[in-house]
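Take a look at the structure set out below.
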Amino acid sequence: MIVIYSSIIPPKGYKAITILNCIFVRKGCTMSDVDINHEEIHWEQEKELWIIGFYLLYVLDFIRLLSRYQKWHKAYRGICFEREAYFNEDDLEYRSYREKFAWKNYKL
């Protein structure tokens, strides 16, 4: 994956965001192997949902959770795609045995 450092993407408060096969990292932040793995898990999610489906479901899940919790960070951390990525980010081999659509197992 391509790593791009930027002062614009991602927005303040976030370290990195994956868009297609690029990881945009907030300028001044450093990325560990665990951080890269987290973002690579998102790339797997994007590919299996043909990219646009990933972003559509991501936003819909966030809106659903934000309406439930009324807290931005709690809603963000509850998104099924984020839950899968956070839960497995320490396992650097996870992507080698990850089942397609595994994020479905992380829905709240």
Listed by first then second residue, the pairs whose first member lies in segment 4-22 and is on the phi > 0 side of the Ramachandran plot, whose partner is open to solvent by less than 80 Å² (accessible area, probe 1.4 Å) and not in a loop (DSSP other than H, G, I, E, B), with beta carbons under 9 Å and at least 6 positions apart or on separate chains, are Gly13/Arg26; Leu20/Trp43; Leu20/Glu46
Looking only at segment 2-45, how many residues end up being surrounded by 12 or more Cβ atoms within 10 Å (Cβ to Cβ), part of a loop (DSSP other than H, G, I, E, B) and of a type in the set (A, V, I, L, M, F, W, C)?
3
Hey, any hits in segment 97-107 for a residue that's acidic (Asp, Glu) and either open to solvent by less than 40 Å² (accessible area, probe 1.4 Å) or in contact with a Pro (Cβ under 7 Å, 6 or more places away or on another chain) (or both)?
no
Across (1) out of contact with any Gly (no Cβ under 9 Å at 6 or more places or on another chain); (2) without any contact (Cβ under 8 Å) to a residue 24 or more places away in the chain; (3) not β-branched (Val, Ile, Thr), Phe81 clears everything bar (2)
I'd like to check something: does segment 46-55 contain any residue that is open to solvent by less than 40 Å² (accessible area, probe 1.4 Å), in contact with an Asp or Glu (Cβ under 9 Å, 6 or more places away or on another chain) and among the acidic types (Asp, Glu)?
no
Being open to solvent by less than 70 Å² (accessible area, probe 1.4 Å) and among the aromatic types (Phe, Trp, Tyr) is the filter; apply it to segment 68-85 and report the residue that is nearest to Trp43 (Cα to Cα).
Phe81
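The values are calculated or read from the model by the stated rules, or taken from the named source; none is laboratory data. Every value quoted in this text rests on a predicted model; they were computed, and no experiment measured them. Methodologically, a virtual Cβ is constructed for each residue, glycine included, from the backbone with ideal geometry; neighbour enumeration extends over all protein chains shown. In case anyone asks, the SASA skips ligands and DNA or RNA and just uses the protein heavy atoms, side chains included. Shrake-Rupley method; radii C 1.70, N 1.55, O 1.52, S 1.80 Å.
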